[in-house]
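The structure under discussion appears below in the form of structure tokens.
Nothing in this text is a laboratory measurement; each read-out follows from the coordinates by a stated rule. Worth saying up front: this structure is predicted, and the values here are computed from it rather than measured. All Cβ positions, glycine included, derive from the backbone under ideal geometry; neighbour counts span all protein chains shown.
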């Protein structure tokens with residue numbers, strides 16, 4: 001069964017990416033995590049995302065397009081990336097999610113994929 | 001062995017009561033879908049009620065019900081055009097279920113696994129207990145709703161949502177490993193205790209299904225204690241339920257009237273049950289990890305001591321309640337503490353403790369109003385006691401308890 005691990009990072013997490021002293025540790029942790037998912041043979045896909053200020057939100061209402069700067073939700077933690085994994089059940093997905101580096105600083109949501 | 005129609009009806013009902021949780025647990029685990037398992041079983045029970053009065057009760061009612069239910073599940077699976085792969089899994093489950101049903105009629109460990117599914121951290125905390133009451137112990141949504149003071153429709157909708165999550169998010173059906181167990185056990189014990197409470201409240205014994213619920217809860221308590229012997233709170237809960245259950249017969253006098261604990265004839269207590277409770281609590285206490293249920297059992301154990309010494313050691317009980325309030329400051333614990341204080345230090349001390357409780361918490365809590373009325377009466381303030389008696393009567397579900405409080409209130413009003 002496929003699940004998506006949604007990685008929510010706080011501002012400090014996002015800042016790590018460009019901080020010369022901390023970026024190696026930050027990216028190293030994600031690299032190790034991704035490799036672990038691949039080694040377990042459960043990795044289906046995923047991507048890291050650029051920080052929220054680079055987001056642009058679009059809505060179509062009554063045939064009119066509204067384009068807005070910034071991410072959709074204005075929350076303390078923002079979507080920083082996602083993984084798609086294929087595991088037997090929610091408990092297995094939660095165990096992998098808990099190992100995600102941002103689980104200990106931000107929050108990680110696990111959602112079963114809609115099968116279409 | 002063609003049974004008479006009423007007997008067949010009764011047999012179907014008996015099977016329903018005793019098998020429901022086991023069969024839901026068994027089918028739900030294999031199909032990973034509690035709602036579908038319940039629907040299929042519901043159909044099986046309807047079929048049994050139609051067939052058994054005519055053809056007689058089968059030798060193994062559970063196996064019969066399981067066979068019908070699994071056919072329904074397979075049909076439903078086909079109807080919903082489940083992928084071929086899933087159908088193969090279902091068929092494998094069917095064969096296994098059939099083997100189990102014909103070789104044995106109980107699946108205790110299945111129920112334990114289902115209990116832990118219901119108490120899964122991915123399930124809304126407020127819904128864990130209602131879910132267990134319904135799926136494991138077979139309470140209908142209306143009764144679960146009554147226990148949680150919400151409308152039956154709201155409760156049904158919430159239960160459906162939770163079961164959908166179990167199925168669609170694919171929550172694992174198994175007893176958690178040692179590292180997760182302590183965090184997962186608490187909600188399981190709470191739910192069992194809530195089920196026991198529902199059975200216990202039926203003082204009149206008017207509702208046979210309720211008394212059965214108390215038995216079911218004790219059964220689950222024994223099961224959890226046996227399977228998780230290193231968890232002292234499981235033993236604490238079992239000891240607590242056994243202590244309460246030991247007094248079931250003494251709660252009514254020969255005329256059927258309600259008898260409060262302090263006036264009960266200790267000769268009508270079940271001493272084998274008290275002894276089992278004491279042994280269970282002793283084993284639990286050896287772990288040196290006191291908890292809410294062990295303390296509550298210890299309080300009941302202190303009450304049971306009156307059976308041997310002829311007096312109640314209220315100071316010990318007040319101390320135990322103090323510890324309980326510190327550990328788990330529930331309304332029940334605080335009202336119990338107030339009652340003990342009233343015995344040790346006087347009715348006004350008890351009343352003062354009651355007055356400290358937040359009004360939102362006690363608005364619909366019957367023991368608070370019954371105790372308050374009793375204490376006001378003892379202090380010679382019957383005029384103030386009267387409205388509290390009325391409130392307690394209004395909040396009492398049980399006819400026998402209502403009658404008891406009515407006579408107390410009347411005696412207070414007449415100045416006796």
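Return the tail of the calculated pair distribution for the protein assembly as shown, meaning the percent of Cα-Cα pairs more than 28 Å apart. Mind dumping the intermediate values first?
Numbers: 92236 of 141246 pairs.
Beyond 28 Å sits 65 percent of the P(r) for the protein assembly as shown.
In µm²/s, what is D for the stretch A:2-112 at 20 °C and 1.002 mPa s, where D = kT/(6 pi eta Rh) by Stokes-Einstein and Rh is the Kirkwood radius from Cα pairs?
Details: Rh = 15.1 Å.
My calculation gives 142 µm²/s for D.
With neighbour counts taken as other beta-carbon atoms within 10 Å, the residues B:26, A:72, A:8, A:3 rank, fewest first, as A:72, A:8, A:3, B:26.
If each residue's Cβ is checked for other Cβ atoms within 10 Å, how do B:151, B:254 rank with the fewest at the top? If you can, show how the numbers build up before the last one.
Numbers: B:151 11, B:254 7.
By the 10 Å Cβ count, ascending: B:254, B:151.
Neighbour counts of C-beta atoms inside 10 Å place A:109, B:216, A:60 in the sequence A:60, A:109, B:216, starting with the fewest.
Give the relative contact order (percent, whole number) for the stretch B:325-416; include only Cα pairs under 8 Å separated by 6+ residues. After rounding, I find 21 percent. Taken as Cα centroids, the stretch B:125-165 and the stretch B:345-395 sit 31 Å apart, rounded to the nearest whole angstrom. The alpha-carbon atoms of the stretch B:325-416, seen along their principal axes, cover 40, 29, 20 angstrom, with the largest extent given first.
Can you show me the helix-derived [θ] at 222 nm for the protein assembly as shown, built from DSSP H runs with n ≥ 4 at -39,500 (n - 2.57) apiece and divided by the number of residues, rounded to the nearest 500. Please list the in-between numbers first.
Working: 24 runs with 337 residues, N = 532.
Rounded to the nearest 500, it is -20500 deg cm²/dmol.
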